[in-house]
1. For a quick check, take a GNM of the chain with Cα springs below 10 Å and name the residue from Lys136, Lys72, Lys214 with the largest mean-square fluctuation.
2. What percent of all Cα-Cα pairs in the range 119-241 falls in each 10 Å bin, counting up from 0?
3. Over the alpha-carbon set of the range 46-182, work out the extent along each principal axis and list the three values in angstrom, largest first.
4. Length gain on complete extension for the stretch Phe130 to Thr162, per 0.36 nm per residue less the alpha carbon to alpha carbon distance?
5. Leaving ligands and nucleic acids out of the surface, order Glu97, Glu196 by accessible area at 1.4 Å, largest first.
6. Quick one: grab the alpha carbon gyration tensor of the range 190-241, order the square roots of its eigenvalues as a ≥ b ≥ c, and give me rounded if a/c is under 1.5, else prolate or oblate depending on whether a/b is larger than b/c.
7. Rounded to whole Å and sorted largest first, what semi-axes of the equivalent ellipsoid does the C-alpha gyration tensor of the range 1-116 yield via the square root of 5 times each eigenvalue?
8. How long is the gain from Ala216 to Asp190 if the chain were fully straight, where each residue apart is worth 0.36 nm and the alpha carbon distance is subtracted?
Amino acid sequence: MKFLSLQHIAIEDPGTFKDFLLEDGHTLTTIQLDEGDTIPSNLNEFDAMLCMGGPMDTHMEKEYPWLVPEKKAIAEYVLNLEKPFLGFCLGCQLLGEVLGGKVIQSSPPEIGVLDIHSQDDIKSDPVFNFLPSSFKALQWHSYEVAGLEDNQNISILGSSPTTKYQIFGYKKLAYGIQFHLEIRNKTVDDWAEVPEYKNALEQSLGSEALPEMKKAVNAEIVTMQDQCKMLYQNFLKLIND
């Protein structure tokens, strides 16, 4: 299988999802947009597209002009080619915008290891049917998707008390995940080195929040990585169907 990964900062790659696919012998083409990489013109040669997180927001097209061709590429891949797509955090928000929604500021920001509740539709979903009715996930976002209610092809699969679209699917082929299942053991330490992430963490949880964040993640990391493996395995089946 040939995967394409759209990335916005080098340390936010597909994480354990990437580790699983490389272990299985699949290929991954990484487009580091913030470093000037160009999105391939023939997107149809890829079996699936991944879109990762980043410290920028979807509306920052003047500051990050590559967001414009990125949105066009996602629209081409999902709406025209109708091929499997998986977007994490910023990637989730980009998908939401492409599907006709809007991205709004979260009130409050969701940062920490927080509860997510699965919706009834998740039981029949080919990708996320493994998730329990309630589970904990790493959140680190200040914006979120809204306004997809009129799109009849959208299924809400998971929500939190303040964020409706924690997981959503489009035609059971493209998915947005607002939280992070793909984390490795060092992810929190690595992300805490990014000024925007560090500032968001401290503004939400205080200047000494990092040790507590790491403790909370460590308590759930095995479960999160097991869930990511199930996500990967189900997504692979979707590609093969």
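1. Per the Cα network of the chain with a 10 Å cutoff, Lys72 tops the list.
2. Histogram of Cα-Cα distances, whole percents per bin: 11, 39, 33, 15, 1.
3. That gives 38, 31, 29 Å along the principal axes, largest extent first.
4. Full extension from Phe130 to Thr162 adds 9.2 nm.
5. Most to least solvent-accessible, the answer reads Glu196, Glu97.
6. The shape class here is prolate.
7. 22, 18, 14
8. Taking 0.36 nm per residue and subtracting the Cα distance, the gain is 7.8 nm.
The values are calculated or read from the model by the stated rules, or taken from the named source; none is laboratory data. Quick caveat: nothing in here was measured; it's all calculated off a predicted structure. Please note: Cβ atoms are built from the backbone with ideal geometry, for glycine as well, and neighbour counts cover all protein chains shown. Just so you know, the surface numbers come from the protein's heavy atoms only, side chains and all, with ligands and any DNA or RNA stripped out. Shrake-Rupley method; radii C 1.70, N 1.55, O 1.52, S 1.80 Å.
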